[in-house]
Each structure stands twice: as C-alpha cells, then as structure tokens.
Amino acid sequence: MRRISVFGATGSIGQNTLDLIAREPERYAVVALTGSSNVARLAEDAIRLRAEVAVTADESRLGELRDALAGTGIEAAAGQGALEEAADRPTDWCMSAIVGAAGLVPGLRALRHGGTLALANKESLVCAGPLLMAEARAHGARVLPVDSEHSAVFQALADNDPAAVEKIVITASGGGLRDWPLERLATATPDEAGSHPNWDMGTRITIDSASMFNKAMELIETHEYFGTPPGGIEAVIHPQSIVHALVQFRDGALMAHLGAPDMRHAIGYALHWPERRDLPVERVDLAALGRLDFAAPDPARYPALALARGVIAGGGLRGAAFNAAKEAALDLFIARAIAFTDMAGCVETTLDEMERSGCLDAATITLDMVLDTDREARARTRVP
Ligand code: NDP
C-alpha cells in the first residue's frame, strides 16, 4: 500500500484527487488530509478514507473538527504548525493542492521524505522554484506537475533529450470574459470573472484564468520546471481546451498532448506515474469536435503575460513578489475595491516599487527571503 497525503483536500483539485483514491482504496493508506474553512467536508472525507490525521489551517475551527471526528480514532489538528507536522509524516506520494503561497512550506517539508510531490500549487514554483527543486534534489524526491499544461509538456517531452527542445507552447482558454469587448472589461464583477466556459475549478484560479494571471503564472512555472528560457515559451489561446500543451523540437516536429478538460487526467497521471492506468475521464471524439482553434493572445486584453516575461528574465525574488502582488490584487478585486482591469496595474506598480528599492535581486534565494518578499509585496499592493 502506498502512503499518501492530500494537502488542500477540500478544494477542487483535492476533491478530484480523493475521487481517484476512493475508487481503489485497497492501493492507498491515507496519512493526512488538510483543509481550511470546509471542516465538515474534511471530517467526512477523513472518515470515509480512514485518514490518520485531519488538519484545518484555521485554528478557530479546531473544536468543530474535533467534534466531527469524535470516536473515530482520527487525530484532529489545526493551524500552520499542524500543517507542517502533517507534512513531516512520511509518505510515498503527497498532493500539494493548497491554494496560494500558503502551500509552499508544507510542500517543502513533504519533499524531505524523498517520495513524490504531485504539485498543483503553482504558486510554490513561481515564488520559490529554484528552492523547491533544490530541496527535491537534496532528498532524492520527485516533483511531478499537476497543472494540466505542465503535465502535458512532461508527457509530450517523454524520453526526448531536453536539449532538443526549441519551444514549449502552453494553451489558454482565454477565460470567461474572452469574448467581452475590451471597453466592457472594467465593469466585470467577481461572479462574472469567476465562471469558466470549460473548466470547473476553484474561484480564485477561475478569475486568474479570465485575467490570464493564471497563464502568466504558468509561463513562469514552465521556466522553473523545465528550465526553458523566456524566448522559448509561448502561450496561445485555444478556446476548446482540448490541446493542453505542445513541445516543438529542433527538427520542427511539434508533439501535442490532447485530452478532455478534466483535472483527473493530470492528477491521475501524477498518481500512477510511471504507469498509465484507467481513468474515469471523457474520451476526446475528434470527429465530433470537428475543429480546434488557436489564436495569439491580445497583449492589451491580457497585460499579465508581459509582466510574467519580465519576472522570468529578471529572476531572483521577482517571482515571489509577482505571486504575492497578484494574490493581493485578486483579494482587492474580490472585495470589489478595484476593477477587474486594475489588477495588472496594481501588480506592476508593486513590482516597479520593489525593483527601485533593489530588493528583488538575489543570486540564491532562501525561504526567509521568499517569505519576506511575499509579506512586503502584499503590504505594498493597494487600491491605486
Ligand atoms: P480551491 O480554492 O478549490 O481549494 C484550495 C484548498 O486550499 C482548499 O482545501 C482550502 O481549504 C485550502 N486552503 C485555503 N486557504 C488555505 C490556507 N491559508 N492554508 C491552508 N489551506 C488553505 O483551489 P483549487 O483546488 O482550484 O487549487 C488548488 C491549487 O491548485 C492552486 O494552487 C491552483 O492554482 C492549482 N491548480 C488548480 C487547478 C484547478 O483545476 N482547480 C488546475 C491547476 C492548478 P477550504 O476549502 O476548506 O477552505
């Protein structure tokens, strides 16, 4: 039996992960499940999957979690320290699916067991890619991508020599506001930006998809994961979300990964790797689809992409500042303090201010530097 933990078990990725695990319970011993506000779901899943420990990040919910687990023999814990303690419990496979920079430290701790970290939490790679990868190397652990585009790149690369790669192309649906006239975008509400034509995801990532901050994060993620230089990474709009990524090799061959827009593809691939096992996902019917469309993203509609290219080119602590400023700007938009179209400007102002103060340059980054940069960028990101 494989010992596994799921961080962010109550979220969209977490629930899809548990769906796959629950289909073959004889294969897995569940160590830790974690959540935050959704204590009822956390407790129910911990009981259903016989977890050793259930942890809520929200300390004020500990009593509620304890009550829900009373008499089951499952440990209940709460808070940041408890999340870290849960990550310290040895596993063979751990899903990192907490949303935001809060996922970084548990992921780093889980790598110390030398097993597999299935990484959905893209923020970890964006704010501390070199640190995360160095930790994995130091402990003989493997980081497998769970973002659908990066799982697709990983699969399209297969056993090819990475030096033979000319370009990596990741696709973007363009989000829920793709067809809105540019001048109307400023009026978009969080509800409008938070509904997606193809993917069923958490609210924050759905809004990031509409602004393409999600794709911007993924450009940085591609660089951190595969070592691709900024000029070798491209994002294209593909409204059908069937082709997830393509790898172009130096001989001009373009290898694409196709699949239905269902996160259980990428989660299942990371769960079963290096095997391929049956997955309960819809099969793509090309004849029924009829066509696949691609278009270059309009830089005026998606200014986040240019910001990400600057982050990749500059390196150092720019990823940590970008991620934190992006999260803070998203909070302001969700709170209706700024317009949808103000988010990119807020992030750019924070990056410019921090650039001028010279605090983003670093040849080697440490966890403390990343956490300090995160705090400072959040504090600086405000209503213009
Ligand atoms: P959700 O918002 O659906 O779930 C987030 C999870 O994190 C929940 O379990 C939530 O608990 C928990 N959580 C929230 N805040 C904290 C905190 N401060 N500390 C610890 N745990 C916390 O997000 P998604 O599942 O959509 O996304 C998870 C990660 O995966 C993100 O990094 C996202 O970018 C990435 N990703 C998601 C994809 C998707 O299709 N959804 C696709 C590719 C990547 P609770 O719900 O109980 O409050």
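The values are calculated or read from the model by the stated rules, or taken from the named source; none is laboratory data. Fair warning: this is a prediction, and the values are worked out from it, not measured in the lab. Note that we place each Cβ from the backbone using ideal geometry, even for glycine, and neighbour counts take in every protein chain shown.
Values computed for the structure shown
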| item | result |
| --- | --- |
| Subset of region 325-364 [modelled with pLDDT of 95 or more and of a type in the set (Val, Ile, Thr)] | Ile334, Ile338, Thr341, Val347, Thr349, Thr350 |
| Residue count for region 41-51, restricted to those that are part of a helix (DSSP H, G or I) and either more than 10 Å from the ligand (Cβ to nearest atom) or among the small types (Gly, Ala, Ser) (or both) | 6 |
| Residues located in region 226-247, provided they are part of a helix (DSSP H, G or I) and out of contact with any Asp or Glu (no Cβ under 9 Å at 6 or more places or on another chain) | Phe226, Pro230, Gly231 |
| Residues satisfying the stated conditions in region 23-40, i.e. assigned to a helix (DSSP H, G or I) and either polar (S, T, N, Q) or more than 9 Å from the ligand (Cβ to nearest atom) (or both) | Arg23, Pro25, Glu26, Arg27, Ala40 |
| Criterion violated by Lys167 - all others in (1) surrounded by fewer than 24 Cβ atoms within 10 Å (Cβ to Cβ); (2) within 20 Å of the chain's Cα centre (by Cα); (3) part of a strand (DSSP E or B) satisfied | (2) |
| Selection from region 58-83 of residues that are touching a residue at least 24 places away in the same chain (Cβ under 8 Å), farther than 12 Å from Leu42 by Cα and in a helix (DSSP H, G or I) | Gln80, Ala82, Leu83 |
| Close pairs (7 angstrom Cβ cut-off, 6 or more residues apart or separate chains): at positive phi in region 135-164, surrounded by fewer than 20 Cβ atoms within 10 Å (Cβ to Cβ) anywhere | Gly140/Gly114 |
| Verdict on Ala54 being of a type outside the set (Asp, Glu) and either more than 12 Å from the ligand (Cβ to nearest atom) or assigned to a helix (DSSP H, G or I) (or both) | no |
| When residues of region 15-55 are limited to those that are within 20 Å of the chain's Cα centre (by Cα) and hydroxyl-bearing (Ser, Thr, Tyr), the one surrounded by the fewest Cβ atoms within 10 Å (Cβ to Cβ) | Ser37 |
| Filter pass, Ala288 being in a helix (DSSP H, G or I), exposed (fewer than 12 other Cβ atoms within 10 Å of the Cβ) and either within 20 Å of the chain's Cα centre (by Cα) or not charged (D, E, K, R) (or both) | yes |
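Conditions tested, residue by residue: (1) within 30 Å of Thr341 (Cβ to Cβ); (2) free of Cβ contacts under 8 Å to residues at least 24 places away in the same chain.
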site: Ala266; (1), (2): no, no
site: Arg276; (1), (2): no, yes
site: Glu282; (1), (2): no, yes
site: Leu286; (1), (2): no, yes
site: Ala300; (1), (2): yes, no
site: Leu305; (1), (2): yes, no
